[in-house]
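One structure is given below, encoded as structure tokens.
Read-outs: derived from the displayed coordinates by stated rules, not from any lab. Owing to the predicted nature of the structure, the values given are computational and were not obtained by experimental measurement. FYI the Cβ positions are ideal-geometry reconstructions off the backbone, even for glycines, and counts take in every protein chain you see.
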Amino acid sequence: HWSSKSAMDIDGLGEKLATRLFDLGFISDVADVYYLEPGQLTPLEGFGEKSAENLVRAIERSKDRPFSLVLYALGIRHVGAVTAGLIATRFGGEDLMRGVEVERLTGIDGVGEVVARAVVEYFDLEDNRDLVERLLERGIDFGREAGSPSEGSLSGKRVVITGTLERPRNYYVGRLEAAGGTFTSSVSKNTDYVLAGEEAGSKLERARELGVPVLDEAGFEDLL
């Protein structure tokens, strides 16, 4: 799966060769692929100097694949290419390594709870984290992909969230970020909206003083 055209697109590294390299002890996981050298491959049946160099070049080129395809290539359960693309525009690999709550992932339009939990559980496992660390060391791209600012209904908007809301705060932060907005912790003249729940307190008062539009949960959802 890792080397397939729809994932890392490593021409020449098919399932049979990968199994052979594994059996020979050359690789034990996908990170080991990036340590292969032509000199290891040339003595193998079916390889010559040129074909070995071509494979190593193909492996090197795969480092240019965007994070969405890297995330898909990891083979996380329930995460297809489209879902990986949605996640990659909101979070980079290092964000996921540090830990992202399920609520923030489900705040991305198109990402459900089953997928979100699968992603969180994957990056919670030490073996998977070690694998990602080794891939990072070899130069694989785990950077968040830039989304188009025009796509989000709240693109460029700064929003403060305060008070007790129906759902956990991270849910609303995720929804906000997925729509292109930015979560800020304090109200100022640069704040575009305040999402206020019950017992909002001083931040709600400050918003009213500055004339910042105040939203309830229904009003917030209407903007998305």
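In the neighborhood of Thr164, defined by Cβ-to-Cβ distances under 14 Å, what is the net charge if each Lys or Arg adds +1 and each Asp or Glu adds -1? Net charge in that neighbourhood comes out at -2. For His1, put the label point 7 Å out on the Cα→Cβ axis and report which residues of the range 70-103 keep their amide N under 17 Å from it. So the set is 70-88.
How much length, in nm to one decimal, is gained on full extension between Lys63 and Val82, taken as 0.36 nm per residue of separation minus their Cα-Cα distance?
Here the segment from Lys63 to Val82 would lengthen by 4.8 nm.
Taking every alpha-carbon pair in the chain and binning the separations at 5 Å intervals from zero gives 1, 6, 13, 15, 14, 12, 10, 8, 6, 5, 4, 3, 2, 1, 0, 0 percent.
With helices as the sole contributors, the chain gives -12500 deg cm²/dmol at 222 nm; each DSSP H run of n ≥ 4 counts as -39500 (n - 2.57), and the sum is divided by every residue.
Once both labels are positioned 7 Å from their Cα atoms along Cα-to-Cβ, the gap between Glu94 and Arg117 label points is 3.1 nm. What number comes out for the charge environment of Leu41, summing +1 per Lys or Arg and -1 per Asp or Glu over other residues with Cβ under 10 Å away? Summing Lys/Arg as +1 and Asp/Glu as -1 gives -3.
At q = 0.13 Å⁻¹, what is the log10 ratio I(q)/I(0) for the range 1-115, with the Debye formula run over Cα points and no solvent? One equal scatterer on each Cα of the range 1-115 leads to -0.58. Normalised Debye scattering of the range 149-223 at q = 0.17, 0.21 Å⁻¹ gives log10 I(q)/I(0) of -0.56, -0.86, counting only Cα atoms as equal scatterers and leaving out solvent.
The Rg/Rh ratio for the range 67-137, using Cα coordinates for both the radius of gyration and the Kirkwood hydrodynamic radius, is 0.92.
Compared with the direct C-alpha span, the chain from Thr164 to Asp124 gains 11.5 nm at full extension, assuming 0.36 nm per residue. Computed over the chain, relative contact order equals 16 percent, with contacts defined as Cα pairs under 8 Å that lie 6+ residues apart. All other residues whose Cβ lies under 12 angstrom from that of Arg144 are scored, Lys and Arg at +1 and Asp and Glu at -1, for a net of -4.
Using every pair of distinct Cα positions in the range 77-195, the Kirkwood expression returns a hydrodynamic radius of 15.3 angstrom.
Using only side-chain charges placed at the Cβ, +1 for Lys and Arg and -1 for Asp and Glu, the dipole size of the range 153-195 relative to its Cα centre rounds to 40 debye.
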